[in-house]
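Sharing a structure here in C-alpha coordinates format.
The values are calculated or read from the model by the stated rules, or taken from the named source; none is laboratory data. Every value quoted in this text rests on a predicted model; they were computed, and no experiment measured them. Here Cβ is always computed from backbone atoms with ideal geometry, including for glycine, and neighbour counts include all displayed protein chains. Keep in mind that these areas ignore ligands, DNA and RNA; they rest on the heavy atoms of the full protein, side chains included. Shrake-Rupley method; radii C 1.70, N 1.55, O 1.52, S 1.80 Å.
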Amino acid sequence: MNLNVNPIGVTARNTGRAAHFTLTYPSSRSLLLVGGSLQGTFAFAGIHFHWSSEHTIDQQQFPIEMHLVFFNRMYNSLAEAAFHDNGLAVVGFFFTNNALAKSRRWMDSLKNIRRRRSSYTFVHPESINLARLVGTEIGEHFEYLGSLTIPPCYETVTWIIRKKPLLISNMQLSLFRSLESDEGLMNNNNRPLQNLNNRTVWMSSK
(Lines give C-alpha, C1' and ligand atoms only; values in the text may rest on other atoms or scores of the structure.)
Protein backbone atom coordinates (compact mmCIF):
# COMPACT_ATOMS: atom_id res chain seq x y z
CA MET A 1 0.00 0.00 0.00
CA ASN A 2 1.34 3.42 -0.92
CA LEU A 3 0.08 4.99 2.29
CA ASN A 4 2.31 8.06 2.13
CA VAL A 5 0.23 9.67 -0.60
CA ASN A 6 -2.07 12.48 0.54
CA PRO A 7 -5.68 12.21 -0.60
CA ILE A 8 -6.97 15.05 -2.75
CA GLY A 9 -10.50 14.71 -1.43
CA VAL A 10 -12.15 13.24 1.68
CA THR A 11 -15.83 12.93 2.56
CA ALA A 12 -17.06 11.69 5.93
CA ARG A 13 -20.53 10.15 6.18
CA ASN A 14 -22.76 8.97 8.97
CA THR A 15 -24.63 6.10 7.35
CA GLY A 16 -26.81 5.52 10.40
CA ARG A 17 -24.81 2.36 11.06
CA ALA A 18 -21.16 3.46 10.96
CA ALA A 19 -18.76 6.33 10.27
CA HIS A 20 -17.50 6.06 6.67
CA PHE A 21 -14.68 8.00 5.04
CA THR A 22 -14.26 8.11 1.27
CA LEU A 23 -10.76 9.13 0.19
CA THR A 24 -9.93 10.22 -3.36
CA TYR A 25 -6.37 9.97 -4.67
CA PRO A 26 -4.63 11.11 -7.86
CA SER A 27 -5.31 8.50 -10.56
CA SER A 28 -1.59 7.87 -10.98
CA ARG A 29 -1.07 7.26 -7.25
CA SER A 30 -4.05 5.19 -6.15
CA LEU A 31 -3.77 2.89 -3.14
CA LEU A 32 -3.35 -0.78 -4.06
CA LEU A 33 -3.06 -3.88 -1.87
CA VAL A 34 -1.03 -6.80 -3.23
CA GLY A 35 1.06 -9.74 -2.07
CA GLY A 36 0.86 -12.15 0.82
CA SER A 37 -2.03 -14.57 0.50
CA LEU A 38 -3.97 -12.25 -1.81
CA GLN A 39 -4.67 -13.41 -5.33
CA GLY A 40 -4.73 -10.35 -7.54
CA THR A 41 -4.48 -6.60 -7.07
CA PHE A 42 -6.95 -4.88 -4.77
CA ALA A 43 -8.04 -1.24 -5.08
CA PHE A 44 -8.81 0.93 -2.06
CA ALA A 45 -12.51 1.68 -1.54
CA GLY A 46 -12.71 3.51 1.79
CA ILE A 47 -12.59 3.39 5.58
CA HIS A 48 -15.21 2.74 8.20
CA PHE A 49 -15.27 2.27 11.97
CA HIS A 50 -17.00 -0.04 14.43
CA TRP A 51 -17.26 0.38 18.18
CA SER A 52 -16.63 -1.86 19.93
CA SER A 53 -14.35 -4.20 17.95
CA GLU A 54 -15.58 -7.07 15.77
CA HIS A 55 -12.49 -9.19 16.45
CA THR A 56 -10.70 -10.11 19.66
CA ILE A 57 -7.16 -11.16 20.57
CA ASP A 58 -6.93 -13.62 23.45
CA GLN A 59 -10.57 -12.74 24.21
CA GLN A 60 -9.71 -9.03 24.53
CA GLN A 61 -12.14 -6.69 22.83
CA PHE A 62 -11.14 -3.16 21.83
CA PRO A 63 -13.17 0.08 21.92
CA ILE A 64 -12.73 0.85 18.19
CA GLU A 65 -11.93 -1.22 15.11
CA MET A 66 -11.09 0.52 11.84
CA HIS A 67 -11.49 -1.22 8.48
CA LEU A 68 -9.63 -0.28 5.30
CA VAL A 69 -11.69 -1.86 2.53
CA PHE A 70 -10.28 -3.01 -0.82
CA PHE A 71 -11.82 -4.79 -3.81
CA ASN A 72 -10.23 -7.04 -6.41
CA ARG A 73 -9.53 -5.05 -9.59
CA MET A 74 -10.68 -7.94 -11.74
CA TYR A 75 -14.14 -6.56 -10.92
CA ASN A 76 -15.47 -3.12 -11.82
CA SER A 77 -16.62 -2.01 -8.38
CA LEU A 78 -16.83 -2.85 -4.70
CA ALA A 79 -20.48 -3.81 -5.12
CA GLU A 80 -19.67 -6.27 -7.92
CA ALA A 81 -16.65 -7.74 -6.11
CA ALA A 82 -18.66 -8.40 -2.94
CA PHE A 83 -20.52 -11.24 -4.69
CA HIS A 84 -17.37 -13.16 -5.66
CA ASP A 85 -14.86 -15.36 -3.89
CA ASN A 86 -11.60 -13.45 -3.44
CA GLY A 87 -13.52 -10.28 -4.22
CA LEU A 88 -12.72 -8.25 -1.11
CA ALA A 89 -9.88 -7.65 1.32
CA VAL A 90 -10.23 -5.75 4.58
CA VAL A 91 -7.30 -4.56 6.68
CA GLY A 92 -8.38 -4.09 10.29
CA PHE A 93 -6.77 -1.98 12.99
CA PHE A 94 -7.69 -1.92 16.67
CA PHE A 95 -7.66 1.21 18.82
CA THR A 96 -7.02 0.98 22.55
CA ASN A 97 -7.87 3.66 25.09
CA ASN A 98 -4.79 5.62 26.16
CA ALA A 99 -4.34 9.14 27.52
CA LEU A 100 -1.13 9.47 25.45
CA ALA A 101 -3.05 9.26 22.16
CA LYS A 102 -2.02 11.97 19.71
CA SER A 103 -4.43 14.63 18.57
CA ARG A 104 -5.97 13.64 15.22
CA ARG A 105 -7.32 16.61 13.33
CA TRP A 106 -9.46 14.50 11.01
CA MET A 107 -11.48 13.15 13.93
CA ASP A 108 -12.94 16.63 14.42
CA SER A 109 -14.98 15.97 11.28
CA LEU A 110 -17.16 13.63 13.35
CA LYS A 111 -18.70 16.71 14.96
CA ASN A 112 -20.16 17.55 11.54
CA ILE A 113 -21.81 14.17 10.95
CA ARG A 114 -23.52 13.56 14.27
CA ARG A 115 -26.92 13.39 12.61
CA ARG A 116 -27.69 10.18 10.73
CA ARG A 117 -27.39 10.34 6.93
CA SER A 118 -25.25 13.49 7.18
CA SER A 119 -21.95 14.09 5.39
CA TYR A 120 -19.01 16.47 5.49
CA THR A 121 -16.37 17.29 2.88
CA PHE A 122 -12.90 18.00 4.25
CA VAL A 123 -11.37 21.41 3.66
CA HIS A 124 -7.93 19.88 4.33
CA PRO A 125 -8.04 16.29 3.00
CA GLU A 126 -4.32 15.80 3.68
CA SER A 127 -5.16 15.66 7.39
CA ILE A 128 -6.10 11.98 7.00
CA ASN A 129 -2.79 10.78 5.54
CA LEU A 130 -2.88 7.03 6.22
CA ALA A 131 0.86 6.62 6.78
CA ARG A 132 0.66 9.06 9.69
CA LEU A 133 -2.36 7.20 11.01
CA VAL A 134 -1.27 3.55 10.82
CA GLY A 135 2.39 3.63 9.75
CA THR A 136 3.87 2.19 6.58
CA GLU A 137 4.24 -1.46 7.67
CA ILE A 138 1.46 -3.69 8.94
CA GLY A 139 3.81 -5.79 11.08
CA GLU A 140 2.52 -8.75 13.06
CA HIS A 141 -0.98 -9.65 11.92
CA PHE A 142 -3.60 -12.34 11.49
CA GLU A 143 -5.26 -13.50 8.28
CA TYR A 144 -8.32 -15.61 7.60
CA LEU A 145 -11.03 -16.08 4.99
CA GLY A 146 -14.33 -14.78 6.26
CA SER A 147 -17.36 -12.66 5.53
CA LEU A 148 -18.64 -9.13 5.50
CA THR A 149 -19.84 -8.05 8.95
CA ILE A 150 -22.95 -6.30 7.66
CA PRO A 151 -25.86 -7.93 5.84
CA PRO A 152 -25.90 -9.84 3.54
CA CYS A 153 -22.56 -11.01 5.07
CA TYR A 154 -21.15 -12.53 1.88
CA GLU A 155 -18.24 -14.89 2.60
CA THR A 156 -15.93 -13.18 0.12
CA VAL A 157 -13.44 -11.35 2.36
CA THR A 158 -9.77 -11.93 3.08
CA TRP A 159 -9.34 -10.44 6.54
CA ILE A 160 -5.97 -8.99 7.58
CA ILE A 161 -5.97 -7.86 11.22
CA ARG A 162 -2.99 -6.07 12.75
CA LYS A 163 -2.15 -7.24 16.24
CA LYS A 164 -0.66 -4.04 17.68
CA PRO A 165 -3.38 -1.50 18.40
CA LEU A 166 -3.36 2.22 17.72
CA LEU A 167 -4.11 4.68 20.52
CA ILE A 168 -7.27 6.70 21.08
CA SER A 169 -8.20 9.02 23.93
CA ASN A 170 -11.47 9.23 25.87
CA MET A 171 -12.27 12.52 24.17
CA GLN A 172 -11.70 10.99 20.73
CA LEU A 173 -13.83 7.99 21.65
CA SER A 174 -16.64 10.31 22.68
CA LEU A 175 -16.72 11.79 19.17
CA PHE A 176 -17.52 8.38 17.68
CA ARG A 177 -20.04 7.59 20.39
CA SER A 178 -21.86 10.88 19.82
CA LEU A 179 -23.00 9.84 16.33
CA GLU A 180 -26.71 9.20 15.88
CA SER A 181 -28.30 6.13 14.33
CA ASP A 182 -31.89 5.40 13.39
CA GLU A 183 -32.50 4.18 16.94
CA GLY A 184 -30.67 6.88 18.90
CA LEU A 185 -26.97 7.10 19.68
CA MET A 186 -24.84 4.74 17.62
CA ASN A 187 -23.53 2.60 20.47
CA ASN A 188 -21.74 -0.69 19.80
CA ASN A 189 -22.36 -0.78 16.06
CA ASN A 190 -20.33 -3.96 15.75
CA ARG A 191 -21.41 -7.40 14.65
CA PRO A 192 -21.43 -9.81 17.61
CA LEU A 193 -18.49 -12.21 17.74
CA GLN A 194 -18.98 -15.28 15.55
CA ASN A 195 -17.71 -18.83 15.84
CA LEU A 196 -14.71 -19.73 13.70
CA ASN A 197 -16.68 -22.57 12.10
CA ASN A 198 -13.52 -24.53 11.30
CA ARG A 199 -11.81 -21.56 9.61
CA THR A 200 -8.03 -21.42 9.82
CA VAL A 201 -6.42 -18.24 11.16
CA TRP A 202 -2.86 -17.60 10.02
CA MET A 203 -0.39 -15.41 11.87
CA SER A 204 2.40 -13.49 10.15
CA SER A 205 5.18 -11.25 11.46
CA LYS A 206 5.54 -9.33 8.16
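Which residue pairs have Cβ atoms under 6 Å apart, sit 6 or more places apart or on different chains, and have a first residue in the stretch 44-66 that is among the aliphatic types (A, V, I, L, M) and a second that is modelled with pLDDT under 95?
The qualifying pairs are 45/78; 64/51.
Is it the case that the stretch 15-30 has a residue that's within 28 Å of residue 98 (Cβ to Cβ) and more than 15 Å from the chain's Cα centre (by Cα)?
No, every residue in the stretch 15-30 fails to be within 28 Å of residue 98 (Cβ to Cβ) and more than 15 Å from the chain's Cα centre (by Cα).
For residue 174, work out the one condition from (1) open to solvent by less than 20 Å² (accessible area, probe 1.4 Å); (2) free of Cβ contacts under 8 Å to residues at least 12 places away in the same chain; (3) not charged (D, E, K, R) it doesn't fulfil.
That leaves (1) as the condition not met.
Where residues in the stretch 79-98 are aromatic (Phe, Trp, Tyr) and closer than 20 Å to residue 47 by Cβ, which of them is nearest to the chain's Cα centre (by Cα)? Break it down into steps so the answer makes sense when it comes.
Residues of the stretch 79-98 aromatic (Phe, Trp, Tyr): 83, 93-95.
Now restrict to residues that are closer than 20 Å to residue 47 by Cβ: 93-95.
On the way: 93: 7, 94: 9, 95: 11 Å.
That would be 93.
From 71, 94, 62, 83, grab the single residue that is within 20 Å of residue 194 (Cα to Cα) and either open to solvent by 20 Å² or more (accessible area, probe 1.4 Å) or part of a loop (DSSP other than H, G, I, E, B) (or both). Give the steps one after another, and end with the answer.
Values: 71 fails: within 20 Å of residue 194 (Cα to Cα); 94 fails: either open to solvent by 20 Å² or more (accessible area, probe 1.4 Å) or part of a loop (DSSP other than H, G, I, E, B) (or both); 83 fails: within 20 Å of residue 194 (Cα to Cα).
Residue meeting the stated conditions: 62.
Taking the stretch 194-206 as the region of interest, how many residues are open to solvent by 100 Å² or more (accessible area, probe 1.4 Å) and either among the hydroxyl-bearing types (Ser, Thr, Tyr) or closer than 20 Å to residue 151 by Cβ (or both)? Lay out the reasoning, then the answer.
Applying the first criterion (open to solvent by 100 Å² or more (accessible area, probe 1.4 Å)) to the stretch 194-206 yields 194-195, 197-198, 202-203, 206.
Those left that are additionally either among the hydroxyl-bearing types (Ser, Thr, Tyr) or closer than 20 Å to residue 151 by Cβ (or both): 194-195, 197.
Count: 3.
Could you figure out which of (1) open to solvent by less than 30 Å² (accessible area, probe 1.4 Å); (2) at pLDDT below 95 isn't true of residue 12?
(2)
Test of understanding: among 112, 76, which residue is open to solvent by 70 Å² or more (accessible area, probe 1.4 Å), of a type in the set (S, T, N, Q) and closer than 16 Å to residue 22 by Cα? Break it down stepwise before answering.
Details: 76 fails: closer than 16 Å to residue 22 by Cα.
Result of the check over 112, 76: 112.
Kindly state which strands (runs of 3 or more DSSP E) lie completely within the stretch 102-206 and contain at least 2 residues that are at pLDDT 90 or above and more than 30 Å from residue 34 (Cβ to Cβ). Working first, answer last.
Values: elements: 119-121, 141-146, 157-162, 166-168, 202-204.
Correct list: 119-121.
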